[in-house]
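What follows is a set of notes on a single structure, which appears directly below.
The values are calculated or read from the model by the stated rules, or taken from the named source; none is laboratory data. Note that the coordinates shown come from a computational prediction; the quantities given were computed from them, not determined experimentally. Note that each Cβ is placed from the backbone with ideal geometry, even for glycine, and that neighbours are counted across all protein chains shown.
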Amino acid sequence: MGLKTVTKRWSLLAALTAVLLATAWFLLSNRDSGEESGKADRIVSSNYGDTLGLKPHRLELQQFIENKLTGESGVYTNYRETDEAAEMATGHETLSESAGLLMRYYALTGQKEAFDAAWSRAKQTLSTESGFSYRYSPLQDKRYPVNAVVDDLRIIRALYEAEKAFGGEYGREAAHYGGLVYEHNVRGNRLYDFYDETYKTTNDFLTLCYADFQSIRLLEAPSRDKKKLEDKLLAIVSSGYLSDKFPFYETRYEYKTDSYVDHDGEISTIESLLTVLSLAEIGQERTASITYLKQSVEAGTLYGRYHRDGRPATDIQSTAAYAIAAMIGSTIGDKALYEGSLRRMEQYRVEDEASPLAGSFGNAATEEVYSFDNLSALLAYAY
């Protein structure tokens, strides 16, 4: 073998090595920016909204919420006022939960001015150094020093959806609050329900429906860290599946004991449906859960609570449960499930035009109208 041949081969090898190294550097340095550019593609957008001829009902509900269920601080927890001193939010207290649901609705329906107003109220009323207070009482002028990570994630997601719909700087604000979630509610590969600003600590468990996978994927963090967090959360949620006979999910996972906890032997339908929705958004829903849901919607037997063996623990049903079922239908591309769920949801609509609650979802006799029911219905109309 001649010297020229050896030299050529070494030159070729050196050139190839340089190309491979450059390619590797490019991929590593652009991994996170590539992830950023793909965010818009991962955001769930409206699918079946307004295809059922229910747009007038959607707009009437929107008007009710804006004109009768909203004050200077945000959406009321309930139409009826209280002294706002109970352990749970009541009356005209406002919740970060409500802010995120309403913002998502405005983003999905392309209402920029309304979105900006809702976001402005949320920042003024609920924003803190560590994220968002889960609750504010106007009467007590009290902003609670605790967040609810699922609600923070929903607001962050709404901001990214607004960036997709309207452009602007919403994504930068989302990145800021996403960083706060990672700073305060994530420890290693664990996500915690809340962070207490006063005591500078988290709780020690995860409510399964707080694992909002789609929103977590939008957070500003290295891909490797988010992948580890998602894998850990997916393992926890998947292991919380009850059974194919009753295909709902456990309520809460205790990190210290590596065990699951429910509500005194009962399973909340709302919480399980939110878990199914979160899984569906990343293609991880179980067929048995969807089949069970479709059968329950068709029969009109989607009750609020169940025993662990699947027996109903109450005969009470709710607007929100059917609204979330509709969102699941839209997410998985099952229009029959979406339509059936909306039709069931509509059964709880106040039809009496003489009532001050006309167009809302509540009890016309007691004037109990809850924010979660109505905002879930509003969002379901737009899915």
request  = Being surrounded by fewer than 16 Cβ atoms within 10 Å (Cβ to Cβ) and in contact with a Lys or Arg (Cβ under 9 Å, 6 or more places away or on another chain) narrows it down to one of D244, D231, D225, so name that one.
outcome  = D244
message = Quick test for you: out of D225, D244, pick the one residue that is acidic (D, E), at pLDDT 95 or above and farther than 27 Å from L54 by Cβ.
response = D244
task = Kindly indicate whether any position in the stretch 109-118 is under 25 Å from E197 (Cα atoms) and not in a strand (DSSP E or B).
result = yes
task = State whether the residues of the stretch 326-341 include one that is in contact with a His (Cβ under 9 Å, 6 or more places away or on another chain), within 19 Å of Y48 (Cα to Cα) and acidic (D, E).
result = no
request  = Mind telling me which of the residues G110, G53, G100 ends up being under 15 Å from A382 (Cα atoms) and more than 20 Å from the chain's Cα centre (by Cα)?
outcome  = G53
message = Please go through (1) touching a Gly at 6+ places or on another chain (Cβ under 8 Å); (2) farther than 30 Å from T201 by Cβ for R121 and return the number of the only condition it doesn't satisfy.
response = (2)
message = Can you list residue pairs whose Cβ atoms sit under 7 Å apart, with the first residue in the stretch 247-260 being free of Cβ contacts under 8 Å to residues at least 40 places away in the same chain and the second being assigned to a strand (DSSP E or B) and surrounded by fewer than 20 Cβ atoms within 10 Å (Cβ to Cβ)? Count only pairs 6 or more apart in sequence or on different chains.
response = Y260/R252
task = Determine the pairs where a residue that is within 26 Å of K335 (Cα to Cα), located within the stretch 51-67, has a partner that is hydrophobic (A, V, I, L, M, F, W, C) with Cβ atoms under 6 Å apart, the partner being 6 or more residues away or on another chain.
result = L61/L378
request  = Just need a number here: residues in the stretch 338-383 that are surrounded by fewer than 24 Cβ atoms within 10 Å (Cβ to Cβ) and more than 19 Å from L102 (Cβ to Cβ).
outcome  = 21
key: Positions within the stretch 119-149 being free of Cβ contacts under 8 Å to residues at least 12 places away in the same chain, within 15 Å of G100 (Cβ to Cβ) and outside any helix (DSSP H, G or I), in sequence order   = S127
query = Exactly one of (1) over 27 Å from G304 (Cβ atoms); (2) out of contact with any helix residue (DSSP H, G or I) (no Cβ under 8 Å at 6 or more places or on another chain); (3) among the charged types (D, E, K, R) is unmet by K245. Its number?
reply = (1)
request  = Inspect all residues belonging to the stretch 186-205 and state whether any of them is among the polar types (S, T, N, Q), buried (at least 23 other Cβ atoms within 10 Å of the Cβ), closer than 26 Å to I267 by Cβ and modelled with pLDDT of 95 or more.
outcome  = no
task = Need at least 1 residues that are in contact (Cβ under 8 Å) with a residue 12 or more places away in the chain, out of contact with any Ser or Thr (no Cβ under 9 Å at 6 or more places or on another chain) and of a type in the set (D, E) per element, so show me which helices (runs of 4 or more DSSP H) inside the stretch 163-241 make the cut, counting only ones lying wholly within it.
result = 170-184, 223-239
ask   = Of the residues R311, R286, which is under 21 Å from the mean Cα position of the chain (by Cα), of a type in the set (K, R) and either buried (at least 23 other Cβ atoms within 10 Å of the Cβ) or farther than 29 Å from E66 by Cα (or both)?
value = R286
key: Lone unmet requirement of (1) over 30 Å from D50 (Cα atoms); (2) buried (at least 18 other Cβ atoms within 10 Å of the Cβ); (3) in contact with a helix residue (DSSP H, G or I) (Cβ under 9 Å, 6 or more places away or on another chain); (4) not polar (S, T, N, Q) for E129   = (2)
